[in-house]
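Notes follow the structure.
The values are calculated or read from the model by the stated rules, or taken from the named source; none is laboratory data. In this text the structure is predicted, and so the values were computed from the model without any measurement. Quick reminder, even Gly has a Cβ in these numbers, built from the backbone with ideal geometry, and neighbours come from all protein chains shown. The protein model used for the area step is the full one, side chains on, heavy atoms only, and it has no ligands, DNA or RNA in it. Shrake-Rupley method; radii C 1.70, N 1.55, O 1.52, S 1.80 Å.
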Amino acid sequence: MKTAPQKKLFIKTWGCQMNVYDSGRMADVVAPLGYTATEDVAEADLVIFNTCHIREKATEKLFSELGRLRPHQKAKAQNGGRMMVAVAGCVAQAEGPEIQRRAPYVDMVFGPQTYHQLPEMIARVSRGAGIILNTEFPAEPKFDLLPQDHATPGVSAFLSIQEGCDKFCTFCVVPYTRGAEYSRSVASISTEAERLVEQGAREITLLGQNVNAFHGEGPDGKVWGLGRLFRRLAEIPGLKRLRYMTSHPRDMDDDLIAAHRDVPQLMPFMHLPVQSGSDAVLEAMNRKHTADDYRRIIEKLRAVRPDIALSSDFIVGFPGETDKDFADTMKLVRDVGFAQAYSFSYSRRPGTPAAAMTNQVDEKVTAARLQELQQLIREQQERFNQSMIGQTLPVLFDRVGRYENQIHGRTLYMQAVHVEGHARLIGQEMLVKIEDVGMNSLSGPLLVAA
Ligand code: SAH
Ligand code: SF4
Ligand code: F3S
């Protein structure tokens, strides 16, 4: 068999886990053309920027990154080589023509739905076809056209099962950049999961912009929900841990909640964004649930899995948010108690309904609220981590640590753990007696399996 000449690929990824998954898949798509990864952008034959459009300055960040790349591209051309440059992801989808106009040295601009066509796009660029803009939402789903194997899945792997969003929260660009909701079939997800486990994965995180809206075709021809999919994936031998993100409170159905009771592989850690604790703000955000609906879901989850740890996303300073609304958010955080959470200042995104609202909140007010919320979240996170001291926790080791003879793993609740141990333990789940809690990780001695 003829082997393709060796070429170097540099990918930089911004944004959510789905972008991380997509970047890995792009590397898999171009691997048969001879591309292998490099960390050194100067030597790259193909550079891919996989972009995110969720918050402010995404486009400007991209242009400054492209500006920094340009001298490397020129240097390569002067030496008789060629550096192809591709902009992928959600900024590409949203701002394709603008990128074409402002950075004509970019060879390819394509969205999240078309990267499986990379080999054809590369061939067209090589033939001198000029800049390629490929931001359609094609009829054929890319998932079934991607290579079967991931190049290097690792112990903890991502698997996208659902894409796009039909919720149209008034602040969010995702429905525009990722398109309408689409769920893969159970058969194609199971096959990919089985292959990942054969390749060494022990934990799989199912991904989707709205993952619990999953409604894929089952092997029986009926529509399956996420709870049922978990029961199926739990049958794969060697797959120790299952996780999923990101979920929407509206789609937390009883079967999925029951799966937290019935499926031991499903980890007791749940990322469930609520965005605000105020019903007025939730309504203006078009979240389609109230703060009490959220509390009730948490109660149900805790009833079936008392040790479940919670994470969330919050936006402060959404248009019209009053001091009282913000106080309701603080109250919700106190009522629920989070193991961790992400919080953001509201960012006005072009084209979204909230951007046109006239009651925008003053930046200083937003900044002060964000600080207060983050302080509370930090305290809760510290308390949660401290509560691990003295406990013996199962830890899945997924990579070597920074120091010699150190390995890194995660608890059931996603906390990072560092222990002294040999690299051959990677891929194994073992017990660790937690003795220390640092800023970002737990540590303690490894116990010999009982
Ligand atoms: N699909 C997920 C997450 C989407 S984006 C969900 O429904 O929750 C991830 C997070 O970014 C969101 O949960 C939200 O908290 C934040 N985010 C999205 N748009 C934003 C905006 N315009 N300004 C500030 N934060 C935003
Ligand atoms: Fe965005 Fe809302 Fe969809 Fe999440 S549910 S991706 S926040 S529109
Ligand atoms: Fe960003 Fe697109 Fe993900 S906007 S958060 S990369 S879906």
Exercise. For segment 276-387, max minus min Cα coordinate along each principal axis, in Å, sorted largest first?
Worked result: 43, 27, 24
Exercise. For labels at T322 and Q148 in the simple 7 Å Cα→Cβ model, what's the distance in nm?
Worked result: 6.1
Exercise. So what is Rg over Rh here for segment 1-123, counting just Cα atoms and using Kirkwood for Rh?
Worked result: 0.95
For this session: Could you please state, rounded to a whole Å, how far the C-alpha centre of segment 330-346 is from the C-alpha centre of segment 48-71?
Result: 30
For this session: Taking only protein heavy atoms into account and a 1.4 Å probe, give the accessible area per residue of segment 152-267 in Å².
Result: 35
Problem set entry | Two-site FRET efficiency, A129 against L33, from Cβ-Cβ distance with R₀ of 22 Å, rounded to 0.05 | 0.85
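Could you order Y105, Y35, Y182 so the one with the most accessible surface comes first? Probe is 1.4 Å.
Values: Y105 50, Y35 15, Y182 80 Å².
Largest to smallest exposure gives the sequence Y182, Y105, Y35.
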Problem set entry | Total formal charge among the other residues, if their Cβ is under 12 angstrom from that of P112, Lys/Arg +1 and Asp/Glu -1 | 0
Problem set entry | Summed side-chain charge close to P138 - residues other than P138 whose Cβ falls under 13 Å, Lys, Arg +1, Asp, Glu -1 | -4
Exercise. How large, in percent, is the carbon and sulfur part of the accessible surface of the chain at a probe radius of 1.4 Å?
Worked result: 51
Exercise. Hey, could you pull the Cα Rg and Dmax for segment 283-337, both in Å?
Worked result: 12.5, 37
Exercise. Going out from 0 in 10 Å bins, what whole percent of all Cα-Cα distances in the chain drops into each bin?
Worked result: 4, 19, 27, 28, 18, 4, 0
Exercise. Relative to the present Cα-Cα distance, how much length would full extension add between D40 and A77 at 0.36 nm per residue of separation?
Worked result: 11.7 nm
Problem set entry | Relative pair counts by distance (%), Cα atoms of segment 212-319, 10 Å bins | 13, 43, 30, 12, 2
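Against the 2.2 N^0.38 Å scaling, with N counting residues, where does segment 40-90 land? I'd like the Cα-based Rg ratio to two decimal places.
After normalising by residue count via 2.2 N^0.38 Å, the value is 1.23.
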Exercise. With N residues in segment 392-449, what two-decimal value do you get for its Cα radius of gyration over 2.2 N^0.38 Å?
Worked result: 0.95
For this session: Mind giving me the FRET efficiency for M330 and I389? R0 is 35 Å, r the Cβ-Cβ distance, nearest 0.05 is fine.
Result: 0.80
Exercise. For segment 40-154, how many pairs of lysine residues have a Cα-Cα distance under 28 Å, where the two are 8 or more positions apart or belong to different chains?
Worked result: 4
For this session: Give me the percent of Cα-Cα pairs in segment 68-227 that sit more than 30 Å apart, rounded to a whole number.
Result: 29
